[in-house]
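Report on one structure; see the data block that follows.
The values are calculated or read from the model by the stated rules, or taken from the named source; none is laboratory data. Everything quoted here is computed from the prediction, not taken from an experiment. Ideal geometry is used to build each Cβ from the backbone, glycine not excepted, and the neighbour counts take in all protein chains shown. Areas reflect the complete protein model, heavy atoms only, side chains present, ligands, DNA and RNA absent. Shrake-Rupley method; radii C 1.70, N 1.55, O 1.52, S 1.80 Å.
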Amino acid sequence: MMARFQLFLACALALLASSTTSAAVVEHTFRVQNLSLQLLCHTQVVTAVNGGLPGPDIHVREGDNLIVHVFNSSPYNISIHWHGVFQLLSGWADGPVYVTQCPIRPGSSYSYRFKITGQEGTLWWHAHASTLRATVYGALIIYPRLGSSYPFPYPQQDVTILLGEWWNANVVDVENEALATGGVSNISDAYTINGLPGDLYPCSQTSSTYKLAVVQGKTYMLRIINAALNNQLFFAIANHTMTVVAVDASYTNPYVTNVVVVAPGQTTDVLLKTDQPLGSYYMAARPYASVQGIPLPVDATTTRGVIQYLGASSTNVQMPILPDLHDTPTAHKFYSSLTSLTSWRQWVPVPVDVDEHMFVTFGLNLAPCQKIGKCTGVFGQRMSASMNQESFQLPTSSSILQAFYNKKSGIYTSDFPNNPSVKFDYTNPLISFNLSLLFARKSTKVKKLKFNSTVEIVLQNTAFIAVENHPIHIHGFNFHVLAQGFGNYDPINDPKSFNLVNPQIRNTIAVPVGGWAAIRFTANNPGIWFAHCHLEAHLPWGLAMAFEVENGPTPDSVLPPPPIDLPQC
C-alpha cells in the first residue's frame, strides 16, 4: 500500500512539475526611437524598435504570460498591436489606438500584459498608430507547450521571413500629405525580406540582400509574414515547391504549391525540402495587384533573397517564376484551396446555430472636399471608404473600450447596421462613379453582440471607384472561412457550397476582387474588437467598424478593470 501511495505521489508531483514548467513569464523591453538607415542609395530616418528593422522576434509557448514594456522615445504617438492574439479577458492589451487604448505619448511608457491561450504558430506584432507599422513590426512565434509537438516532423530549422515595404521618405509625412489633400498616398520604393530589399534595387547588391544557408536533404519551416502596408505579395523559391502547414497560427492540411500568396496581416507557414542540386536559389516576392477600375499606382518592383546550399560552388543564382502582377486566378486558387487540420488538438469545429447574420458591403467612397479645388481625390473630392455605407471615424477624447467599460456616452453608438442602408448591384462596374452612392457618412458605430453568440458575416466587395482584393482583419477572434467567390453573393445558392467540415481558420481574410467571403465565429470574448481593412491606405479613410461584445454571466467572463498605467487621452 505504501509503495502504491509513493508511486501515486511521484506521478502527481511529475504532473504538477510538467504543468508549472510548461508555462512561463516571458518579458521584453521595446524602446521605440529614431533609427538612421542607408538603403537604396538613400539615408532615411525611421521609427524602429530596439535599433533594428524588423524589430525583435518574440518567442513564447502556448500558455505563457507575455509582458512587453514599451518606452516611446520617438517623436510620434505609438501603440503596439499583437496581431492575431485572442487577448481573452485582456482586451486592454490589444493595442489599436483610440479603440482599446489611448496612444503612448512621446516620452511615456506602457507595459502590455497578456496570456497566450489556446494558440500556437506564427503571429506578429506591429504599431497600430498612423503608418508607423511600416517600420515598427516583428514576429511573434508561439511554440507548443512542453511535451507537445507539431503535427508534422520537426524541421531542421525554423526561419522567419518577414515581408515588408520601404519608402525613401518619412512614412508619417507620406500619410499626412495624402490626408491633407484627400488623395492617394505615394507608393513605396521597394519591398523587403527581413528588412533588406535585395539585389534588384540600387545600392543593394551585397549587404542589402537576405541570405539563408541550408543543408541539402533537410526540411526547413519558413514562417512567412506579410508586414507590408498596402500590398498583397506573391512569394516563390526557384526550383522548389513549398508545403503549406499553417495559416494565421492555425494548422492546415498539407498543401503543396509553387507559389504562396499573403495579404497584409496574414501569416503562412511552409515546409521547404532542400532536395535540389547543390547551388544557390532566389526566394522572391512581388505584388499581387488586384485593382480593377481606375488605375491606382502600385509599386511593381521585386524583392529577393538567396537560399544557399552549404558546399555549393556555383555562383549562378536561379530566379523563380513569379505570377503576373494581376494574376487573380492564381491568387484565388491558393486562398480557396486551404483546409484545416481537424485532428489538431486546438481545432474548433464550425458552430452550427447562428445567432447573428450580417451582410457587410465595403469599398472605396468619397467625402466632400471642404476647400473646393484643393482636393486631389476622384471628382476633386476627398478619398474615403466604408463598411455598410458607414465610414468609420476614430474618437480622440477616449478609447472606445474605456467608454464601454465606464458606460460613457458620446464616444460611439451601438447601431452599426447588419445590412447596407441601400441595396444595389454591388459588383457592377457601372456603379463605379454613381455619385448618388459614392458618398458615405462619417460615424463611430459598433455592432453589439451578446456574449457567446455565433456570428456569420458575408463580406461583400463593391465596385465603387476601384475593385480590389481587400484583406479584412478581425481583432480578438479567429473565424472559419466557409466559402468565397466572385460577383454578388447569392443567399440562396452560395450557402450550398459552405464548408462546414474543415474550413480554414484565419484572423485575416483576403476577400476576392469583385467578390465575397462568408465567415463565422463565436463572440466569446467581452470587450471592444476592431474589424478593418489591413491595407493601411484604406484604414484612415474609414474602411473599418468594431464589435462590442457584452460581458458574460460568470465572473470569469467579465472584462476586468483597466491597468493602472493605461495611457490616457
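Just one of the listed residues (Ser409, Ser414) is free of Cβ contacts under 8 Å to residues at least 24 places away in the same chain and either in contact with a His (Cβ under 7 Å, 6 or more places away or on another chain) or over 22 Å from Asn186 (Cα atoms) (or both), namely Ser409.
At pLDDT 95 or above and closer than 16 Å to Trp124 by Cα - does that describe any residue in segment 31-40? Within segment 31-40 (the criterion being at pLDDT 95 or above and closer than 16 Å to Trp124 by Cα), the answer is no, since none of the residues qualifies. Applying the criterion of being under 23 Å from Leu449 (Cα atoms) and part of a loop (DSSP other than H, G, I, E, B) to the residues of segment 499-533, the residue that is most open to solvent (accessible area, probe 1.4 Å) is Leu500. Selection of segment 360-419 for residues being part of a loop (DSSP other than H, G, I, E, B) and acidic (Asp, Glu) yields only Asp415. With respect to the stated conditions, Asn65 fails to be modelled with pLDDT of 95 or more, crowded, with 23+ Cβ neighbours inside 10 Å and in contact with a strand residue (DSSP E or B) (Cβ under 9 Å, 6 or more places away or on another chain).
Please find, among Val360, Val422, the residue that is surrounded by fewer than 17 Cβ atoms within 10 Å (Cβ to Cβ), of a type in the set (A, V, I, L, M) and either more than 29 Å from Asn186 (Cβ to Cβ) or free of Cβ contacts under 8 Å to residues at least 12 places away in the same chain (or both).
Details: Val360 fails: surrounded by fewer than 17 Cβ atoms within 10 Å (Cβ to Cβ).
One residue alone meets the criteria, Val422.
Lys496 meets the conditions (1) assigned to a helix (DSSP H, G or I); (2) outside the structural domain of Val458 (by the TED database) in every case but one. The failed one is (2).
So, Asn253, is that one surrounded by fewer than 23 Cβ atoms within 10 Å (Cβ to Cβ) and closer than 22 Å to Tyr191 by Cα or not?
Numbers: surrounded by fewer than 23 Cβ atoms within 10 Å (Cβ to Cβ): yes; closer than 22 Å to Tyr191 by Cα: no.
It is false that Asn253 is surrounded by fewer than 23 Cβ atoms within 10 Å (Cβ to Cβ) and closer than 22 Å to Tyr191 by Cα.
Scanning segment 262-280 for residues that are surrounded by fewer than 24 Cβ atoms within 10 Å (Cβ to Cβ) and either more than 23 Å from Pro153 (Cα to Cα) or of a type outside the set (A, V, I, L, M) (or both) gives Lys273, Thr274, Asp275, Gln276, Pro277, Leu278, Gly279, Ser280.
For segment 130-153, a residue qualifies if it is of a type in the set (Lys, Arg) and crowded, with 20+ Cβ neighbours inside 10 Å, and exactly one does: Arg133. Among the residues making up segment 201-218, a single one is over 15 Å from Tyr282 (Cβ atoms) and among the charged types (D, E, K, R): Lys218.
Could you list, ordered by first residue, the pairs with Cβ atoms under 7 Å in which the first is in segment 530-545 and within 11 Å of His470 (Cβ to Cβ) and the second is among the hydroxyl-bearing types (Ser, Thr, Tyr) and surrounded by 24 or more Cβ atoms within 10 Å (Cβ to Cβ), at least 6 apart or interchain? Final answer for the pair search is Leu543/Ser386.
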